[in-house]
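Worksheet: the structure to be examined is printed underneath.
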Amino acid sequence: MTLRQITLRVNGQDYTGQAEVRKTLADFIREDCGLTGTHLGCEHGVCGACTILMNGEAVRSCLLFAVQAEGTELMTVEGLADGDQLHPIQQAYWEHHALQCGFCTPGFLMTTYDFLRDTPHPSEREIREGLAGNLCRCTGYQNIVKAVAAAAKTLSAGARLEPAWAVRQRTAAGPAHPPARAAGAATAAGEDGSLPSRRPRRSTQARRTKKNPTARKAPGRQRRPKR
Ligand code: FES
Ligand code: FES
């Protein structure tokens, strides 16, 4: 078994851990970082439940090895809310009953985040196309579409897409308040709760870079026939 040391940043916190080279990023996030909000459904890139953001781009974490994420900045579903305060996208899903069992929801939320950043005023057709790579076995999709449209409206009215902790890190204007990390998480910098000094940069988050050659558009961004 070949182990590699991996250091990456998840939801504004640095994580360092050892991972077997064939370990998927999804498993590393769940088992080593202790962030179990990222779900695993198909484990071969079909369902979208494992969608996270890597350097700002939606990716399927079941299709990446953990070692491929070395040095990247990730955001998982745990990075959306600010304590008890739901992110506007989460709030819209809640208000429009866009989930039933909720298994698919983390992936939908992260895909929605990426989609609305790039398409702030989407039509219904664009929403359906943008989320077409995420599968839900419960809802029939109609309320998910409504929720995304509502979230777009809220964001257009001035709500902030960027999570509150990221804003605080970027502006260094507020108290340290990174998202909670589950007990038993891998060795992490900032154990005292202090904010990491590195600032997330939108310009590098929004596109693939040399630093992040493995980032790719999630299949959810691909066009599929309207449901
Ligand atoms: S678990 Fe289904 S796409 Fe990753
Ligand atoms: S809410 Fe159950 S799979 Fe989507």
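The values are calculated or read from the model by the stated rules, or taken from the named source; none is laboratory data. Fair warning: this is a prediction, and the values are worked out from it, not measured in the lab. Ideal geometry is used to build each Cβ from the backbone, glycine not excepted, and the neighbour counts take in all protein chains shown. Each accessible area value is taken on the protein alone, full model and side chains, heavy atoms only, with ligands, DNA and RNA left out. Shrake-Rupley method; radii C 1.70, N 1.55, O 1.52, S 1.80 Å.
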For this session: Return yes or no: is L80 under 18 Å from the mean Cα position of the chain (by Cα) and away from ligand 1 (no atom under 16 Å from the Cβ)?
Result: yes
Exercise. Which of the residues that make up the range 106-135 are surrounded by 13 or more Cβ atoms within 10 Å (Cβ to Cβ), in contact with a Leu (Cβ under 8 Å, 6 or more places away or on another chain) and either more than 24 Å from H39 (Cβ to Cβ) or not β-branched (V, I, T) (or both)?
Worked result: F108, L109, M110, Y113, D114, F115, L116, R117, P122
Exercise. Looking at (1) outside any strand (DSSP E or B); (2) away from ligand 2 (no atom under 14 Å from the Cβ); (3) crowded, with 24+ Cβ neighbours inside 10 Å, which is the one condition that is false for Q68?
Worked result: (3)
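Residue-by-condition table, conditions (1) within 17 Å of E162 (Cβ to Cβ); (2) under 16 Å from the mean Cα position of the chain (by Cα):
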site: I89; (1), (2): yes, yes
site: Y93; (1), (2): no, yes
site: C101; (1), (2): no, no
site: T105; (1), (2): no, yes
site: L116; (1), (2): yes, yes
site: T119; (1), (2): yes, no
site: S123; (1), (2): no, no
site: I127; (1), (2): no, no
site: A132; (1), (2): no, no
Exercise. Within the set of pairs 6+ apart or on separate chains, which have a first residue in the range 130-158 that is modelled with pLDDT of 95 or more, a second that is of a type in the set (G, A, S) and assigned to a helix (DSSP H, G or I), and C-beta atoms under 6 Å apart?
Worked result: G133/G220; N134/G107; N134/G220; A147/A92; A150/A92; A151/A92
Exercise. When the residues of the range 2-20 are filtered to those that are crowded, with 17+ Cβ neighbours inside 10 Å and of a type in the set (A, V, I, L, M, F, W, C), which remaining residue is nearest to P163 (Cα to Cα)?
Worked result: V10
Exercise. Could you give every pair whose Cβ atoms fall below 9 Å, whose first residue belongs to the range 60-86 and is without any contact (Cβ under 8 Å) to a residue 24 or more places away in the chain and at positive phi, and whose second residue is open to solvent by 30 Å² or more (accessible area, probe 1.4 Å) and assigned to a loop (DSSP other than H, G, I, E, B), counting only separations of at least 6 or pairs across chains?
Worked result: none
For this session: Count, please, the residues in the range 136-168 that happen to be touching a helix residue (DSSP H, G or I) at 6+ places or on another chain (Cβ under 9 Å) and either among the aliphatic types (A, V, I, L, M) or away from ligand 2 (no atom under 16 Å from the Cβ) (or both).
Result: 18
For this session: Go through the residues of the range 88-96 one by one and say whether even a single one is modelled with pLDDT of 95 or more, assigned to a loop (DSSP other than H, G, I, E, B), touching a Pro at 6+ places or on another chain (Cβ under 6 Å) and not aromatic (F, W, Y).
Result: no
For this session: Would you point out the residue of the range 43-60, among those that are assigned to a loop (DSSP other than H, G, I, E, B) and not hydrophobic (A, V, I, L, M, F, W, C), that is surrounded by the most Cβ atoms within 10 Å (Cβ to Cβ)?
Result: G48
For this session: Considering every residue within the range 28-41, establish whether at least one is over 24 Å from D82 (Cα atoms) and β-branched (V, I, T).
Result: no
Exercise. Do you know which residues across the range 21-38 are open to solvent by 40 Å² or more (accessible area, probe 1.4 Å) and either within 15 Å of ligand 2 (Cβ to nearest atom) or closer than 14 Å to G107 by Cβ (or both)?
Worked result: R30, T36
